[in-house]
Amino acid sequence: MRQLELLAPARDKHIGIAAIDCGADAVYIAGEQFGARQAAGNPVEDIRELCDYAHKFGARIFITLNTILYEDELARAYDFMLKVQEAGADAIIVQDLAVVQMAREGYGGRFEQLRIPLHASTQCAVRTPEQARFLEGLGFSRLILERELSLEQIRAIRQAVSCELEFFVHGALCVCYSGQCYLSELIADRSANRGACIQACRSRYDLVDASGKVLVRDKALLSLKDYNLRERLLELAEAGITSFKIEGRLKNESYVRNVVRDYSLALDRLVGNSQNSYCRGSFGSISGGFAPDTSRTFNRGYTELFIDGVRGKWAAMDAAKSMGEHIGTVTAVGRDSVQVSLKKGVVLGNADGFSYVARGGQVEGFRGDVCSGSSIRCKVPASLFVGAQLYRNINAAFEKEIQRQACVRGIGAEVSLAFSFDGGCWALDATAISEDGRKVRFRTEAGEQTAENAERMAAMIETQINKGSGHYRFTLARVDSPSGLPLMKASALNEVRRRLAEMLDGKAVICRPLLNRSMEAAGSKDLSGNGSEDGSIHSVEAQGAEPSEAQSELLSGKQTSYKQNISNSLSEALYHAHGASIGGKAFEIEPTPGAELMRTKYCIRHELGICPLHHDINSSDLPKSLRGIKAGTPLFLLNNGKRLALHFDCRNCEMVVKEA
């Protein structure tokens, strides 16, 4: 039976706890520094509290250290890793390969072992079997694959490596291959590889030709829809994915609750129908809660991107923000009210938020103060017009339901009670076994009196034991008593239940196998878990310093470039040790003239229907401004005077963005 993991984002510990309550098997979160979202840092003490909470359910906490590191940051990064390890973190998500060196050899004359797994971030741009073998050879226990991959490409990587594979299934999409976007650095001196991306891909651009003629005006031409692979989880599992990742470390709590609950229910259905092929990566059942609906929270429209190996309409050109659900058409615009012809089944509520595309193409919005039937009383925007298609991007009633109907996660435990009477006194042996296999037992006195009505006493015992204490949901499985029952108060039985809960809490849940590193590797037992009977999620042993054949295959005799993001002496030494010559440093350190600012699977030509290989470029269905644009025609993106050149690598079916 193979474990499957639902991995949720968390901006802070409160959202992390909410994600676990809603069904996440693991949470990824940033520490105080070095995360790929500068606005999402958390102190170590908060990490510790989140780890303690997660581990109650066998859930795990992964810490993001997925930025490139400068030389003067290495010592702090090393200290940071040791601190989060001590706080209980279960793995560290890594971009900079200097971390591999520090984990293996220590840093600055210190050698304190990093004994938790390293996961290769999607920022490592893992999209080929060769790259996957290289990273596995360095000792990564998990690879987080590029979002642009197809099922066929995922299967090929699965065949090439034995470590765990993680894949994004929901949330925002970067248009560029991860870890290789330098547009933000060029425009604003804010590096995406340092957690400071300005999201230039969400900006609005004009598409122009070499003469400056505008072909498409004021559109978010690089902005993609959001990923949604909820209906493809089984295929991903069969292709070899272990962990299904939700994007969104800057999203609010209601967003995380809604999406996690939706995917957790989908994963439960998958597991339930798998005939014991799969199980969840944590334990505990969820009660209460709300009916999730991902169409009701932030999204730019949804796409499955390249999962089937075919191109579709991937862009959200009209609005880089969330338009929301389409609810109807504006039929009348008054001074302080709007009338709408609503789609069937749509019910408006006070404080709902609305959006629409104005005549000029810009997205506008307003908040409804009082909504009744098809009428919205509000401050009416000047750009709203009769015939506008109206969307609801804030469903106030749904947001309240998410907050009010909180999910509660509990751990099942069976209780056995054995009563005995000796020397004029009753004794009780109480045993509890939790659903994850922890077993506790204690013996206590149960008084001197015997219950006159044993049947009533038995019913009371069952009622009091079959209650919750803390996170535990107890079920009385067995009562043994050879000669009646003691007369016990409800408070005494409640104390039995509370004590069992405390004892179970005191019994450690093992969430993370420790790594055997180089000093222990000789003669040690393999911890990889590959082919293990229970199929549980384990780490892979760190490799030694000698490069493997797979590593030599990728690097030997080759020269690095800015795309390897080498920003410190340790990562430079690692590449050098594995056969590469150093040809370029990170773009943030040495900006490379003529560099590819972006390379993308997404293609503006294809999206607009003017790809000379796949479309009729003279079609009458095209806008006149786009007809007849030939393959070699230079195209540019223009924004606030900044011009970017588009290049089309048709052999690889990719688009490249460079400075013009």
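Would you please report the Å³ per residue occupied by the convex hull of the alpha carbon atoms in the stretch 411-505?
Working: hull volume 7.6 nm³, N = 95.
So the per-residue hull volume is 80 Å³.
Roughly speaking, what is the stretch gain from Arg441 to Arg2, that is 0.36 nm per residue apart minus the C-alpha to C-alpha distance, in nm to one decimal?
Extra length available between Arg441 and Arg2 comes to 154.9 nm.
From the Cα gyration tensor of the stretch 20-144, with a ≥ b ≥ c the square roots of its eigenvalues, which class applies: rounded if a/c is under 1.5, or else prolate if a/b is larger than b/c, or else oblate?
Oblate is the answer for the stretch 20-144, as a/c is 1.5 or above yet b/c matches or exceeds a/b.
Students often forget the sequence filter, so: which aspartates and glutamates lie under 18 Å Cα-Cα from Lys585 once same-chain residues fewer than 8 apart are removed?
Here the aspartates and glutamates satisfying the reach criterion relative to Lys585 are Glu71, Asp72, Glu73, Asp96, Glu185, Asp189, Glu572, Glu596.
Helix check for the chain. Which DSSP H runs span at least 15 Å along their own axis by Cα, with a mean Kyte-Doolittle hydropathy no less than -1.0? Before the final figure, lay out the partial values.
Values: long enough: 44-55 (16 Å, -0.52); 74-86 (18 Å, -0.01); 253-272 (28 Å, -0.11); 454-465 (16 Å, 0.21); 490-505 (23 Å, -0.34).
Result, helices passing both filters: 44-55, 74-86, 253-272, 454-465, 490-505.
At a Förster distance of 60 Å, what's the computed FRET efficiency of Glu590 paired with Asp52, Cβ-Cβ distance as r, to 0.05?
The computed FRET efficiency comes out at 0.85.
Just going by the charge dipole of the chain, with Lys and Arg at +1 and Asp and Glu at -1 on Cβ, which of Ser150, Phe354, Ser254 is farthest out on the positive end?
Phe354
Over all alpha-carbon pairs in the stretch 609-656, figure out the percentage whose distance exceeds 16 Å.
Working: 544 of 1128 pairs.
That tail contains 48 percent of the Cα-Cα pairs.
With a point put 7 Å past each Cα toward its Cβ, work out how far Gln559 is from Leu626 in nm, to one decimal.
Here the modelled spin labels are 4.0 nm apart.
Toward the positive end of the charge dipole of the chain, about the Cα centre and with charges on Cβ (Lys, Arg +1; Asp, Glu -1), which of Leu638, Leu476, Leu622 goes farthest?
Leu622
For a footprinting-style exposure proxy, rank Lys563, Lys467 by other Cβ within 10 Å, fewest first.
Result, fewest neighbours first: Lys467, Lys563.
Report the gain in length on full extension from Gln159 to Thr463: 0.36 nm times residue separation, minus Cα-Cα distance, nm rounded to one decimal.
Gain in length upon complete extension: 104.1 nm.
What's the center-to-center distance, using Cα atoms, between the stretch 1-31 and the stretch 623-654 in Å?
Measuring centre to centre over Cα atoms gives 41 Å.
Just to be sure I understand the curve: with the Debye formula and one point per C-alpha of the stretch 57-107, what is log10 I(q)/I(0) at q = 0.19 Å⁻¹?
-0.60
In Å, the Kirkwood hydrodynamic radius of the stretch 116-242 over pairs of distinct alpha carbons? Intermediate values should be presented prior to the final figure.
On the way: mean 1/r = 0.0608 Å⁻¹.
Over the stretch 116-242, the inverse of the mean reciprocal pair distance is 16.4 Å.
I want the local charge near Ala351. Using Cβ-Cβ distances under 12 Å, sum +1 for each Lys or Arg and -1 for each Asp or Glu among the other residues.
+1
Work out the FRET efficiency for Cys653 and Val44 from their Cβ-Cβ distance, taking R0 = 41 Å, and round it to the nearest 0.05.
0.35
So how strong a dipole does the stretch 1-148 carry about its Cα centre when Lys and Arg Cβ are +1 and Asp and Glu Cβ are -1, to the nearest 20 debye?
Working: 16 positive and 22 negative charges, 71 e Å.
Roughly 340 debye, rounded to the nearest 20.
I'd like the FRET efficiency for Val479 and Arg269, computed as 1/(1 + (r/R0)^6) with the beta carbon distance as r and R0 of 35 Å, rounded to 0.05. Please list the in-between numbers first.
Numbers: r = 36 Å, r/R0 = 1.03.
Taking R0 as 35 Å, the efficiency between Val479 and Arg269 is 0.45.
Using the basic label-point model (7 angstrom from Cα toward the beta carbon), what is the Leu638 to Ser581 distance in nanometres?
Label-label distance for Leu638 and Ser581, simple model: 4.3 nm.
With point charges of +1 on the Cβ of Lys and Arg and -1 on the Cβ of Asp and Glu, referenced to the Cα centre of the stretch 34-112, which listed residue (Tyr70, Gln85, Ala59) lies farthest in the positive direction of the dipole?
Farthest along the dipole direction, towards plus: Ala59.
Would you work out if the chain is rounded, prolate or oblate? Take a ≥ b ≥ c from the square roots of the eigenvalues of the alpha-carbon gyration tensor; rounded if a/c is under 1.5, else prolate when a/b is larger than b/c, oblate otherwise.
Oblate, because a/c is 1.5 or more while a/b does not exceed b/c.
Say each of Glu455 and Asn494 gets a label point 7 Å from the Cα, pointing the same way as Cα to Cβ; how far apart are those two points in nm?
2.8
Sorted by average packing, counted as other Cβ atoms within 10 angstrom per residue and highest first, what order do 456-466, 12-22 take?
Per-residue mean Cβ counts within 10 Å order the peptides as 12-22, 456-466.
Let me have the 222 nm mean residue ellipticity of the chain computed from DSSP H runs of 4+ only, each contributing -39500 (n - 2.57), with the sum over all residues rounded to the nearest 500.
Here the helix-only value at 222 nm equals -7000 deg cm²/dmol.
Can you give the charge dipole size of the chain about its Cα centre, rounded to the nearest 20 debye, using +1 on the beta carbon of Lys and Arg and -1 on the beta carbon of Asp and Glu?
Charge dipole of the chain: 2240 debye, to the nearest 20.
Which whole number of Å³ per residue matches the convex hull of the alpha-carbon atoms in the stretch 323-404?
Looking at the stretch 323-404, the number lands at 83 Å³ per residue.
Any idea what the dipole of the stretch 323-404 comes to, in debye rounded to 20, about its Cα centre with Lys/Arg Cβ at +1 and Asp/Glu Cβ at -1?
I would put it at about 100 debye.
Each value in this text was obtained by applying a stated rule to the coordinates, not by laboratory testing. Being a predicted model, the structure only gives us computed values, none of them experimental. FYI the Cβ positions are ideal-geometry reconstructions off the backbone, even for glycines, and counts take in every protein chain you see.
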